[in-house]
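What follows is a set of notes on a single structure, which appears directly below.
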Amino acid sequence: MIAAQYFDGRTSRAHPVVLHVRDGHAVLQDDGGDELRRAPLASLRVSERIRRGPRLVTFDDGAYCEITDHAGFDAMLAATGHREGWVSRAQNSWRLVGASMLGLALFVAVSYFYLLPWTAVLVARTIPPSLEAQLGRTTLDSLDRGIVKPSTLPAAEQQRIRDNFAALRRPADPGHDYQILFRHGGGIGANALALPGGTIVVTDELVKLLGTGTAMMGVLAHEAGHVTQRHGLQQVFQASAVGALTAYVLGDVSSLLATVPTAMLAMRYSRDHEREADAFAVEVLRENRLPPAALADALQLLEDAHGARRKESGRADRDDEEDGFFSTHPMTRERINAIRNAQ
């Protein structure tokens with residue numbers, strides 16, 4: 001028998017009782033030994049075990065007993081053949097809790113490094129070309145509203161770069177309409193930005209640094225690689241993991257796409273995406289009988305200019321890439337070496 005507090009469901013008063021199990025029935029007796037009520041064991045609901053909280057035995061009319069003698073009650077339940085559910089057993093087992101935490105950590109890691117990028121690719125591929133082009137225009141509008149200024153580059157130089165890029169033989173990409181636009185970069189310095197839909201924004205500072213020849217074509221081919229593989233959209237969706245997954249499952253990406261222009265301007269490509277775009281550019285240069293080293297030379301010039309800029313701003317001791325081309329295109333010596341070795 002087990003001491004308990006009985007609540008009849010009609011008043012808030014607690015009645016001290018003793019709980020017995022007899023002939024498949026739960027029997028409650030008061031302090032004087034009189035029977036208060038009896039009920040078949042099968043009609044009772046037993047709450048899950050909590051380490052410090054009382055257990056409840058609830059009758060079919062809502063009345064219940066509150067029991068604090070866990071050890072005695074566990075023995076009584078075992079004698080009746082009652083078995084706790086696996087959830088309750090897991091909650092009270094440090095080994096199972098530890099294993100669950102380890103499993104959760106493993107799931108989060110696998111999701112972040114594998115499931116999330118895979119989902120981002122799927123979502124990016126669901127965007128129709130017309131909507132992607134609209135996103136590109138919206139992003140360009142955001143750029144023009146204070147980040148960049150109208151280009152001061154001579155029209156002849158602009159057209160030379162456009163003509164050289166148009167003459168490049170590139171893999172077929174019917175979903176994108178490539179346009180080269182020029183802007184004065186100001187705070188973003190020497191840079192090239194691939195927008196959704198195929199627009200590539202080139203800053204005057206980048207043209208001044210690289211010129212209009214093969215080095216510039218290598219950078220533009222690299223940006224075309226980002227466009228072709230929709231890296232920008234993938235990065236945005238990967239940064240908005242919950243929204244991206246919901247959009248893919250429900251087939252409604254409108255709410256998520258509303259955030260794309262702002263996210264594109266703060267985007268930083270992953271190193272995997274940079275390597276993929278580099279490989280795309282190397283193949284384009286080879287196809288056009290141009291030296292792949294031209295892209296490596298362009299990156300070297302950008303890195304040198306970036307280092308000089310850090311010295312001027314008093315940040316020469318820092319190796320993070322916070323501005324210019326490298327704010328969106330992570331730079332590593334490995335990339336330059338890989339491109340040179342690809343010749």
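Quick rundown of the values:
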| read-out | value |
| --- | --- |
| Gly186 being out of contact with any His (no Cβ under 7 Å at 6 or more places or on another chain), surrounded by 21 or more Cβ atoms within 10 Å (Cβ to Cβ) and among the small types (Gly, Ala, Ser) | no |
| Checking Ser130 against (1) within 30 Å of Asp304 (Cα to Cα); (2) out of contact with any strand residue (DSSP E or B) (no Cβ under 6 Å at 6 or more places or on another chain), the condition it does not meet | (1) |
| Pairs where the first residue, in region 145-158, is farther than 18 Å from Met217 by Cα and the second is at pLDDT 95 or above and surrounded by fewer than 18 Cβ atoms within 10 Å (Cβ to Cβ), C-beta under 7 Å, 6+ apart | Val148/His184; Lys149/His184; Pro150/His184; Ser151/His184; Thr152/His184 |
| The one condition in (1) part of a helix (DSSP H, G or I); (2) crowded, with 18+ Cβ neighbours inside 10 Å that Asp163 fails to fulfil | (2) |
| Residues of region 133-161 classified as within 36 Å of the chain's Cα centre (by Cα) and within 18 Å of Thr203 (Cα to Cα), total | 15 |
| Tally, over region 194-217, of residues that are among the hydroxyl-bearing types (Ser, Thr, Tyr), under 18 Å from Val148 (Cβ atoms), free of Cβ contacts under 8 Å to residues at least 60 places away in the same chain and surrounded by fewer than 24 Cβ atoms within 10 Å (Cβ to Cβ) | 0 |
| Any chance Gly175 is at positive phi and at pLDDT below 95 | no |
| Selection count, region 144-167, where residues are of a type in the set (D, E, K, R) and in contact with a strand residue (DSSP E or B) (Cβ under 7 Å, 6 or more places away or on another chain) | 2 |
| Search result, residues across region 69-94 that are over 13 Å from Ala26 (Cα atoms), of a type outside the set (Asp, Glu), in contact with a Lys or Arg (Cβ under 8 Å, 6 or more places away or on another chain) and modelled with pLDDT of 75 or more | His70 |
| Matching residues, region 41-67, being small (Gly, Ala, Ser), part of a loop (DSSP other than H, G, I, E, B) and either in contact with a Pro (Cβ under 9 Å, 6 or more places away or on another chain) or more than 19 Å from Arg13 (Cα to Cα) (or both) | Ser47, Gly53 |
| So Leu181, is it among the aliphatic types (A, V, I, L, M), in the same structural domain as Arg289 (by TED's automatic domain parsing), free of Cβ contacts under 8 Å to residues at least 60 places away in the same chain and touching a Phe, Trp or Tyr at 6+ places or on another chain (Cβ under 7 Å) | no |
| All helices (runs of 4 or more DSSP H) inside region 190-289 with 3 or more residues being modelled with pLDDT under 90 | 231-239, 241-250, 254-257, 260-265, 271-287 |
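The values are calculated or read from the model by the stated rules, or taken from the named source; none is laboratory data. Since we're looking at a predicted model, the values are computed, not measured. Here the Cβ is made from the backbone with ideal geometry for all residues, glycine too, and neighbour counts use every protein chain on show.
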